[in-house]
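Worksheet: the structure to be examined is printed underneath.
The values are calculated or read from the model by the stated rules, or taken from the named source; none is laboratory data. Here the structure is a predicted model, which is why all the values come from computation and not from measurement. For neighbour counting, all protein chains shown are included, and Cβ atoms are generated from backbone atoms with ideal geometry for every residue, glycine included.
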There are 2 protein chains.
Amino acid sequence: MTTKDDHHHIENDPSYKGLKVNKGVEDAPSINPNASKRIIKRKRQLSVDEYVKGILEGNITILSRAVTMVESSLPDHQQVAQQIIERCLPYAGKSIRLGITGVPGAGKSTFIESMGMHIIRNGGKLAVLAIDPSSERSKGSILGDKTRMEKLSGEENAYIRPSPSAGSLGGVARKTRETIILCEAAGFDTIFIETVGVGQSETAVHSMVDFFLLLMLAGAGDELQGIKRGIMEMADAITINKADGQNVERAKLAQAEYRSALHLFPPTKSGWTPEVKTCSSLYHKDVDKIWDMVLEYVALTRKNGYFNSNRRSQAKYWMYESINEQLRNNFYHHPLIKQALLTNEEQVLNDEKSSFMAAKDLLDTYFERK
Amino acid sequence: MTTKDDHHHIENDPSYKGLKVNKGVEDAPSINPNASKRIIKRKRQLSVDEYVKGILEGNITILSRAVTMVESSLPDHQQVAQQIIERCLPYAGKSIRLGITGVPGAGKSTFIESMGMHIIRNGGKLAVLAIDPSSERSKGSILGDKTRMEKLSGEENAYIRPSPSAGSLGGVARKTRETIILCEAAGFDTIFIETVGVGQSETAVHSMVDFFLLLMLAGAGDELQGIKRGIMEMADAITINKADGQNVERAKLAQAEYRSALHLFPPTKSGWTPEVKTCSSLYHKDVDKIWDMVLEYVALTRKNGYFNSNRRSQAKYWMYESINEQLRNNFYHHPLIKQALLTNEEQVLNDEKSSFMAAKDLLDTYFERK
């Protein structure tokens with residue numbers, strides 16, 4: 001608990017410009033709420049106007065607190081969050097949104113740090129978000145450990161936010177998508193969304209970014225192993241990281257292999273031909289070229305109209321996703337259903353009732369008595 | 001129309017034992033309903049009791065008519081169908097359910113005919129069903145053409161039913177699953193479910209069969225092309241068809257290649273190690289060995305308990321699938337929603353509203369005024 005509270009003090013010190021790594025929403029309240037008047041003062045509820053004003057001014061502390069509202073499951077917080085988002089929406093949308101995925105060990109944080117520093121040195125403002133539905137505060141989720149991106153987290157123009165804590169993928173994805181809106185309204189012109197390589201979360205990230213980058217390592221010949229083909233199909237580029245020292249040759253071989261693998265896929269709707277590049281994040285070699293490629297993609301798709309049409313269909317997709325998820329939540333959390341579900345499931349498992357009759361009975365209960 | 005009506009006459013002739021290929025539910029009514037008294041008589045509504053009795057006696061004509069009820073979208077028919085299914089359920093479940101998929105040209109019908117004849121000659125009773133959500137009556141769906149399985153369709157102990165007509169995959173899958181129950185109650189001890197190689201329908205078929213067979217061809221080296229990795233992951237066996245004449249060597253090579261590809265996948269929950277076999281359906285070579293393998297799988301999984309536990313989790317899966325689909329249907333077809341959906345979608349597409357706020361507004365409308 002000590003570390004947690006220490007961290008709290010640092011973060012709330014207005015003179016402190018460094019770390020912007022924020023915590024989740026389930027923080028225990030201060031052990032002794034009277035210990036510091038400053039904490040109490042900073043914790044007072046802001047009005048929606050104050051939130052929006054602060055975000056539009058680029059105030060990181062207020063942005064962080066707004067994101068905490070977005071992540072909160074309290075109905076009061078959610079109501080405030082939705083109002084903030086609606087008000088920020090007209091100022092959002094102007095960033096480049098980049099999804100980054102890769103197997104564990106591919107060097108995602110080093111890569112993000114290296115490319116992030118390159119962007120910032122060129123005058124950019126970068127927010128790094130993450131989707132990791134499996135994460136829990138206690139288990140050191142991705143981006144949960146601020147030491148992973150030491151240089152970047154010390155930069156004024158970088159904002160690093162760990163993945164929202166454990167929950168359904170839909171819930172986590174919604175929070176991340178809403179956080180993108182707030183970050184963009186706060187003036188961040190580049191958004192990274194990191195995820196780990198486990199299928200479903202990649203699909204979610206792919207559905208909220210402009211460019212999807214798959215980070216790989218040069219392996220020992222069995223290059224295609226361990227990565228789902230569906231993920232390769234989504235990638236706008238594959239980057240083989242750690243192409244340094246004795247690894248350079250292997251990286252080149254892997255590059256050739258991935259290139260021929262990508263040829264098997266049907267052409268993309270964006271008009272872009274997926275690229276395979278190598279780089280060394282550790283030695284900052286060719287990382288700038290990866291970013292140049294992203295900019296090239298953005299230029300191409302802005303010109304051919306795909307950039308905007310893709311953003312629009314993503315917005316539509318999330319509307320439907322959100323509806324479907326909430327329809328399910330409403331049903332499965334309904335008090336009448338919870339018990340009846342167990343009974344019906346048991347009957348189905350024992351072949352006493354067909355799957356569809358059980359579904360029908362449950363739906364009749366739900367729709368008639370609601 | 002002439003062929004259609006001809007077909008009708010033949011089918012309704014009680015002395016006719018041959019073709020049991022049935023049509024969908026959208027048949028036009030007889031052009032002149034008074035032309036034949038027999039038609040009118042046969043078309044009278046049967047009671048649920050009569051349906052159940054007929055099915056349990058193995059009466060194919062009555063089975064076919066019950067399946068037509070299952071496939072109908074008329075509420076009256078659906079009610080009758082559900083009652084028939086509930087009454088048949090205690091007599092169902094005793095068959096081996098085999099899913100068969102493969103790229104177009106892999107020779108699925110020839111394979112089904114060859115293996116089907118082998119099963120029937122050994123005293124089995126075989127029902128061949130299909131899932132092809134894209135099919136439409138007019139477009140000659142899979143199994144829609146009875147000439148495809150000429151020998152099998154002439155057999156008394158074979159029942160071939162084309163895919164339910166176009167509709168949502170969920171709807172088509174539900175109908176097929178319910179048809180399985182009726183066929184089993186009618187004494188069919190082997191059920192084939194055929195599908196074409198397009199991702200989602202394979203997942204649906206895989207979720208309703210005991211054994212999933214992927215039919216392939218020996219290609220020209222690029223064996224893995226054209227088939228989704230996810231489908232290979234579901235397969236309990238891969239069979240390379242057309243291993244005859246000059247093709248034998250290539251088939252053996254393909255076999256070796258698929259074997260090493262299968263090694264990349266994690267072990268199955270069934271305790272079964274997926275096999276790669278070759279056969280020639282046209283020359284009936286080694287097709288019996290494929291069937292022996294299926295029987296071996298059934299023996300193994302019955303012994304280790306997987307057979308039943310898999311059936312149970314499939315039943316559970318379909319209960320949840322069915323609930324989720326109907327929740328969506330009820331929402332999206334709600335008169336209040338239909339119009340509001342368009343308005344909200346427009347606002348989302350124009351960045352006037354966030355995806356989640358639009359979802360929320362629609363759900364509020366739905367839940368408050370319903």
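Looking at region A:314-336 only, could you name the residues that are aliphatic (A, V, I, L, M) and within 7 Å of another protein chain (Cβ to nearest Cβ)?
Passing the criteria: A:Ala315, A:Met319, A:Ile323, A:Leu327.
Please go through region A:271-300 and give me each residue that is of a type in the set (Ser, Thr, Tyr) and over 29 Å from A:Gln246 (Cα atoms), ordered by number.
Across region A:271-300, the qualifying residues are A:Thr273, A:Tyr297.
If A:Arg121 satisfies all but one of (1) surrounded by fewer than 21 Cβ atoms within 10 Å (Cβ to Cβ); (2) out of contact with any helix residue (DSSP H, G or I) (no Cβ under 8 Å at 6 or more places or on another chain); (3) in contact (Cβ under 8 Å) with a residue 24 or more places away in the chain; (4) not aromatic (Phe, Trp, Tyr), what's the number of the condition it fails?
Single failed check for A:Arg121: (3).
Yes or no: A:Tyr283 crowded, with 18+ Cβ neighbours inside 10 Å, more than 14 Å from chain B (Cβ to nearest Cβ) and not small (Gly, Ala, Ser)?
no
Cβ-Cβ below 7 Å, separation at least six or inter-chain, first residue in region B:337-354 and more than 16 Å from A:Tyr317 (Cα to Cα) and touching a residue at least 12 places away in the same chain (Cβ under 8 Å), second surrounded by 13 or more Cβ atoms within 10 Å (Cβ to Cβ) and not hydroxyl-bearing (Ser, Thr, Tyr): which pairs?
Qualifying pairs under 7 Å: B:Ile337/B:Phe331; B:Ile337/B:Leu362; B:Ala340/B:Leu362.
Would you be able to say whether some residue in region B:290-311 is outside any helix (DSSP H, G or I), free of Cβ contacts under 8 Å to residues at least 40 places away in the same chain, of a type outside the set (A, V, I, L, M, F, W, C) and more than 9 Å from chain A (Cβ to nearest Cβ)?
Looking through region B:290-311, at least one residue is outside any helix (DSSP H, G or I), free of Cβ contacts under 8 Å to residues at least 40 places away in the same chain, of a type outside the set (A, V, I, L, M, F, W, C) and more than 9 Å from chain A (Cβ to nearest Cβ).
Of B:Leu342, B:Leu327, B:Leu264, B:Leu253, which residue is surrounded by fewer than 16 Cβ atoms within 10 Å (Cβ to Cβ), at pLDDT 90 or above and either assigned by TED's automatic domain parsing to the domain that holds B:Phe192 or not β-branched (Val, Ile, Thr) (or both)?
Answer to the check: B:Leu342.
Given the condition within 21 Å of A:Arg87 (Cα to Cα), of a type in the set (D, E, K, R) and either more than 13 Å from the chain's Cα centre (by Cα) or within 14 Å of another protein chain (Cβ to nearest Cβ) (or both), answer yes or no: does some residue in region A:155-174 qualify?
Yes; the residues of region A:155-174 include at least one that is within 21 Å of A:Arg87 (Cα to Cα), of a type in the set (D, E, K, R) and either more than 13 Å from the chain's Cα centre (by Cα) or within 14 Å of another protein chain (Cβ to nearest Cβ) (or both).
Matching residues to (1) out of contact with any strand residue (DSSP E or B) (no Cβ under 9 Å at 6 or more places or on another chain); (2) part of a strand (DSSP E or B); (3) of a type in the set (Gly, Ala, Ser); (4) modelled with pLDDT of 90 or more:
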site	(1), (2), (3), (4)
B:Pro164	no, no, no, no
B:Val172	no, no, no, no
B:Phe192	no, yes, no, yes
B:Glu202	no, no, no, no
B:Leu224	yes, no, no, no
B:Ile227	no, no, no, no
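Taking region B:345-364 on its own, how many of its residues are surrounded by fewer than 20 Cβ atoms within 10 Å (Cβ to Cβ) and within 9 Å of chain A (Cβ to nearest Cβ)?
Going through region B:345-364 one residue at a time, the tally reaches 7.
When the residues of region B:255-279 are narrowed to those that are of a type in the set (S, T, N, Q) and farther than 11 Å from B:Thr239 by Cβ, which ends up nearest to the other protein chains (Cβ to nearest Cβ)?
If we take residues in region B:255-279 being of a type in the set (S, T, N, Q) and farther than 11 Å from B:Thr239 by Cβ, then B:Ser260 is nearest to the other protein chains (Cβ to nearest Cβ).
Just the residues that are more than 37 Å from the chain's Cα centre (by Cα) and part of a helix (DSSP H, G or I), please, taken from region B:345-355.
Of everything in region B:345-355, those that are more than 37 Å from the chain's Cα centre (by Cα) and part of a helix (DSSP H, G or I) turn out to be B:Glu346, B:Gln347, B:Val348, B:Leu349.
If B:Ala315 passes every condition in (1) farther than 16 Å from B:Phe212 by Cβ; (2) surrounded by fewer than 17 Cβ atoms within 10 Å (Cβ to Cβ) but one, which one does it miss?
Unmet condition: (2).
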